Amino acid sequence: MNIIVSGWPGVGQSTLAIILAKTLNYKLLQGSATFRYLGSLINLENTGADRITADELLEPNWGPIFEKYMQWIANNKQHIITETDISGFFTKDNRNVYSVFLQASQEVRKQRLIKDGRPNDVAFIQKRDESLEKTYKNLFNVDFRDINKIQDCYSRPIDNAELSIEQELIIIYTDLKKLNAISDNEYNHLISEAKVEEDFFWENGKQANLDILKQKGNLTLPADIIKDIKQIFPEDIKNLPDQLKAIVDKI
């Protein structure tokens, strides 16, 4: 079983993916971190207007290759959690994949961005929603703002506007138990620890959880993801625009 965690900007998808990888002992592969890493190599900040500029530059060129890689992972690997905006739209009939899509109103997401230490992103959240909606529609014919389409394609759409992390985890653990992806004993342990995991996150932050994953060998770094893509899809890399190809070739 592989798990895909998707969602709208600022909704908490990276937080959920990190905690799930930690508690289920899955390897984490972060799409957002990979795009941010490439953005940093072209001197774009991971916040505000720069984040939108990076999206609009990278998505049309790197996005299709990365999405191709996501589908390869879904079909060829096990016990991987991928955090990515739209991959679940393409795995509806894949029995090897359980997919989650988080959604919440812009106002709720703005408050979460502030709590997450990203106040510069608040003013740009609507523009980023619109930019990504347009990009994904043009590239993949996917409207990732379409609630009905999300419900049709994802195993578990979750409006988490009024949910705690603990409640999100319980929903997902219960689904995984029904799918026989975890045993009864594992389920009982995970449920009993869900509140502990939420408290640990708020007390210690996202990086502390990532550090634990890294220590266990369960965190795939952005550079390693890009190296893997280069090895699996060399022809696609050759066809990148010169500026982006030059950057990728150096990794």
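If you check Lys149, Lys195 for being basic (Lys, Arg), farther than 21 Å from Ile18 by Cβ, touching a helix residue (DSSP H, G or I) at 6+ places or on another chain (Cβ under 8 Å) and in contact (Cβ under 8 Å) with a residue 12 or more places away in the chain, only one passes: Lys149. Looking across segment 74-89, just one residue is over 20 Å from Pro222 (Cα atoms) and modelled with pLDDT under 95, and that is Asn75. Identify, by number, the condition in (1) at negative phi; (2) surrounded by fewer than 13 Cβ atoms within 10 Å (Cβ to Cβ); (3) under 21 Å from the mean Cα position of the chain (by Cα) that Gly217 doesn't meet. In the conditions (1) at negative phi; (2) surrounded by fewer than 13 Cβ atoms within 10 Å (Cβ to Cβ); (3) under 21 Å from the mean Cα position of the chain (by Cα), Gly217 misses (1) alone.
Of the listed requirements (1) more than 20 Å from the chain's Cα centre (by Cα); (2) at pLDDT below 95; (3) not aliphatic (A, V, I, L, M), Phe144 misses just one: (1). When residues in segment 193-248 are screened for being part of a helix (DSSP H, G or I) and polar (S, T, N, Q), 6 of them pass. What about Arg95, is it assigned to a helix (DSSP H, G or I), out of contact with any helix residue (DSSP H, G or I) (no Cβ under 8 Å at 6 or more places or on another chain), more than 16 Å from Pro157 (Cα to Cα) and among the basic types (Lys, Arg)? So Arg95 does not fit the description; no.
Where helices (runs of 4 or more DSSP H) fall wholly inside segment 11-58, the ranges with 1 or more residues that are modelled with pLDDT of 95 or more are 13-24. Across segment 104-129, the number of residues qualifying as under 18 Å from the mean Cα position of the chain (by Cα) and loosely packed, with under 14 Cβ neighbours inside 10 Å comes to 0.
A residue that is farther than 21 Å from Lys27 by Cβ and of a type in the set (D, E, K, R) occurs nowhere in segment 210-218.
Of the set (1) farther than 19 Å from Ser40 by Cα; (2) not in a loop (DSSP other than H, G, I, E, B), all apply to Ala181 but (2). The single condition among (1) exposed (fewer than 14 other Cβ atoms within 10 Å of the Cβ); (2) part of a helix (DSSP H, G or I); (3) not hydroxyl-bearing (Ser, Thr, Tyr) that Phe89 does not satisfy is (1). Taken over segment 213-242, the residue count meeting the criterion of being aliphatic (A, V, I, L, M) and touching a Leu at 6+ places or on another chain (Cβ under 9 Å) is 4. Regarding Phe101, is this residue in contact with a strand residue (DSSP E or B) (Cβ under 9 Å, 6 or more places away or on another chain), assigned to a helix (DSSP H, G or I), of a type in the set (A, V, I, L, M, F, W, C) and crowded, with 21+ Cβ neighbours inside 10 Å? Criteria not met by Phe101.
The values are calculated or read from the model by the stated rules, or taken from the named source; none is laboratory data. Everything numeric in this text was worked out from a predicted model, so none of it was measured. Heads up, the Cβs are rebuilt from the backbone with ideal geometry, glycines too, and the neighbour counts pull from every protein chain shown.
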